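*Asks:* Attaching a single structure in structure tokens format; questions to follow.
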Amino acid sequence: MPRRTPAESAPKKGEIFSATVRDLASDGRGIVGHPCGLTVFVPGVWPGESGSFRFTGLQNRIGSAEVVTLDESSSARVQPRCPYHGFAPGDCGGCPWQFMDYPAQLAAKQRRVEAAAGRISKVGVQAIWPSPAVYGYRNRAQLKTNGAALGYVSPGSHQLAEIEDCPILTAPNRRTLKALLARLPEPEWRPHRNAKWTTLDLDESVDADSVAVNSRLPFQQANTAQNEAMRRWLAEKCAPLDKTGAVLELFCGSGNFTQVLAEAGFERIVAVDASGPATDALARRDLSNVTVVSRDLFKPESYGALFRESPAYSTLVLDPPRDGMRHLDALLGSRPKPADVFYISCDLATLFRDLAQLQSMAYTLVEIQPLDQAPHTPHIEVLCHLQLSV
């Protein structure tokens, strides 16, 4: 196929072209180059694979395509265990890497963390902690239903991917799913007004009769075994620290890591999150030396009040959502800085953005420890320890 220049028009929808997969995007899709120079994302492929691809569209100067044929396939390809796995409308795309064996998935995640870390630091990345279970690990899920069918929404569409089972769910959640399917059709689950779906949130605390309908359950880490590994890591890092200093924990939720800090023996812990069921639940736990504070941590003015209540903290624990820490200047600027910072993140882009800013504020990266919370997906959890430079 003759090579076009980037200045020429983008390929037309439906055009077939040949290419080799050169990398993976953050959402898990393969990256290929169109002969005209356009970058194109393709689901269901792996670096080094080559074949023919059908161009399916263009958005924000990034193209998308689908596989027509693969001439060279990775030796790590496997048959997906889930019959609903796929990339077409109506398929469940929740586990987009299920076509690759687990060691290949881990290697890809390790490379991504190392590439991100290498742009800001010379600190080596620890070997990723694999999930003890690669199926049957997920302790929570959000299902969608229209009252007649039940499943997940196909990625990039508004189409329901109907399921009869989900092999990544834990055994209790699979039993709840089976019981929910037995209730179909269920008129009470029909969406109201202009809503397209009714949501059903489940975890191991609910069954088919008590499932949360159009109401989110309190957040919890989705992989119980890996959450315990994260808690052990934090406990080990806190063990040698001076326990007389105050600890500030931001985005504490219902106290997953607050309990670790309390058990470590710190004399004062200020645990902060937006008010709601999670912080109410944490307050009811009445953990030793813990003060629960409700603040909107996405507003910079919230941080001044925290430091008026306790002017100095020796340790800072951060576990923000995917948006990361938006107001590090408001948190750490023009006041005594904590000696140790523990940053726990589920988003590489915002994590390393924030780590770069922390380094500019006199912090040194000590450890970067990735772990796999979600096998068969591109998601990565990372635990980081920083110390204030002397």
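*Asks:* What are the pairs, 6+ residues apart or on separate chains, where a residue within region 352-374 that is on the phi > 0 side of the Ramachandran plot has its Cβ under 9 Å from a residue that is modelled with pLDDT of 95 or more and in a strand (DSSP E or B)?
*Replies:* ALA362/LEU388
*Asks:* A follow-up question, please. Take GLU301 and tell me if it is out of contact with any Cys (no Cβ under 8 Å at 6 or more places or on another chain) and within 27 Å of PRO240 (Cβ to Cβ). Working first, answer last.
*Replies:* Values: out of contact with any Cys (no Cβ under 8 Å at 6 or more places or on another chain): yes; within 27 Å of PRO240 (Cβ to Cβ): no.
Criteria not met by GLU301.
*Asks:* Right, here's the next one. Go through (1) assigned to a loop (DSSP other than H, G, I, E, B); (2) at pLDDT 95 or above; (3) more than 26 Å from the chain's Cα centre (by Cα) and name the single condition LEU181 misses.
*Replies:* (1)
*Asks:* Follow-up. Need the failing condition index for ASP329 against (1) in a loop (DSSP other than H, G, I, E, B); (2) open to solvent by 10 Å² or more (accessible area, probe 1.4 Å), just the number.
*Replies:* Only one criterion in (1) in a loop (DSSP other than H, G, I, E, B); (2) open to solvent by 10 Å² or more (accessible area, probe 1.4 Å) is unmet by ASP329, namely (1).
*Asks:* Mind listing whichever residues of region 140-165 are surrounded by fewer than 20 Cβ atoms within 10 Å (Cβ to Cβ) and either at positive phi or in a loop (DSSP other than H, G, I, E, B) (or both)?
*Replies:* ASN146, GLY147, ALA148, ALA149, PRO155, GLY156, SER157, HIS158, GLN159, ILE163, GLU164, ASP165
*Asks:* Being of a type outside the set (Gly, Ala, Ser) and open to solvent by less than 80 Å² (accessible area, probe 1.4 Å) is the filter here, so list the residues in region 268-287 that pass it.
*Replies:* Within region 268-287, ILE269, VAL270, VAL272, ASP273, THR279, LEU282, LEU287 meet the criteria.
*Asks:* I need the full set of residues from region 120-152 which are within 16 Å of THR377 (Cα to Cα) and β-branched (Val, Ile, Thr), in order please.
*Replies:* ILE128, VAL134 - these are the residues of region 120-152 that are within 16 Å of THR377 (Cα to Cα) and β-branched (Val, Ile, Thr).
*Asks:* Let me ask something additional. Scan (1) small (Gly, Ala, Ser); (2) in contact with a strand residue (DSSP E or B) (Cβ under 6 Å, 6 or more places away or on another chain); (3) modelled with pLDDT under 95 for the single condition ALA305 breaks and write down its number.
*Replies:* (2)
*Asks:* Please specify each residue of region 342-364 satisfying the condition of being open to solvent by less than 10 Å² (accessible area, probe 1.4 Å) and closer than 27 Å to PRO218 by Cβ.
*Replies:* PHE342, TYR343, ILE344, SER345, LEU351, ASP354
*Asks:* Being farther than 18 Å from CYS384 by Cβ and surrounded by fewer than 20 Cβ atoms within 10 Å (Cβ to Cβ) is the requirement here; does ALA339 meet it?
*Replies:* On the way: farther than 18 Å from CYS384 by Cβ: no; surrounded by fewer than 20 Cβ atoms within 10 Å (Cβ to Cβ): yes.
It is false that ALA339 is farther than 18 Å from CYS384 by Cβ and surrounded by fewer than 20 Cβ atoms within 10 Å (Cβ to Cβ).
*Asks:* Which of the residues belonging to region 125-139 are under 23 Å from LEU348 (Cα atoms) and either aromatic (Phe, Trp, Tyr) or open to solvent by 50 Å² or more (accessible area, probe 1.4 Å) (or both)?
*Replies:* Matches in region 125-139: GLN126, ALA127, TRP129, PRO130, PRO132, TYR137, ARG138.
*Asks:* Still on this structure: Please state which of the following conditions GLY14 fails to meet, knowing it meets all the rest: (1) more than 22 Å from GLN110 (Cα to Cα); (2) at pLDDT 95 or above; (3) outside any loop (DSSP other than H, G, I, E, B).
*Replies:* (3)
*Asks:* Let me ask something else. Tally time: how many residues in region 17-27 are open to solvent by 40 Å² or more (accessible area, probe 1.4 Å) and either assigned to a loop (DSSP other than H, G, I, E, B) or in contact with a Cys (Cβ under 9 Å, 6 or more places away or on another chain) (or both)?
*Replies:* The first filter runs over region 17-27 and keeps only residues open to solvent by 40 Å² or more (accessible area, probe 1.4 Å), leaving 18, 20, 22-23, 26-27.
So of that shortlist, the ones also either assigned to a loop (DSSP other than H, G, I, E, B) or in contact with a Cys (Cβ under 9 Å, 6 or more places away or on another chain) (or both) come out as 22, 26-27.
The number of residues fulfilling the criteria is 3.
*Asks:* Step by step: first the residues of region 91-103, then only those that are open to solvent by 30 Å² or more (accessible area, probe 1.4 Å) and in contact (Cβ under 8 Å) with a residue 40 or more places away in the chain, then the one that is farthest from ALA374 (Cα to Cα). Which residue is that?
*Replies:* Among those residues, the one meeting the criterion is ASP91.
*Asks:* Here are the criteria: (1) of a type outside the set (D, E, K, R); (2) out of contact with any His (no Cβ under 8 Å at 6 or more places or on another chain); (3) open to solvent by less than 40 Å² (accessible area, probe 1.4 Å). Tell me which single one ILE168 does not satisfy.
*Replies:* (2)
The values are calculated or read from the model by the stated rules, or taken from the named source; none is laboratory data. Everything quoted here is computed from the prediction, not taken from an experiment. All Cβ positions, even for glycine, are placed from backbone atoms using ideal geometry, and neighbour counts span all protein chains on display. Ligands, DNA and RNA are stripped out before the accessible areas are found, and what is left, the full protein with its side chains, is counted by its heavy atoms. Shrake-Rupley method; radii C 1.70, N 1.55, O 1.52, S 1.80 Å.
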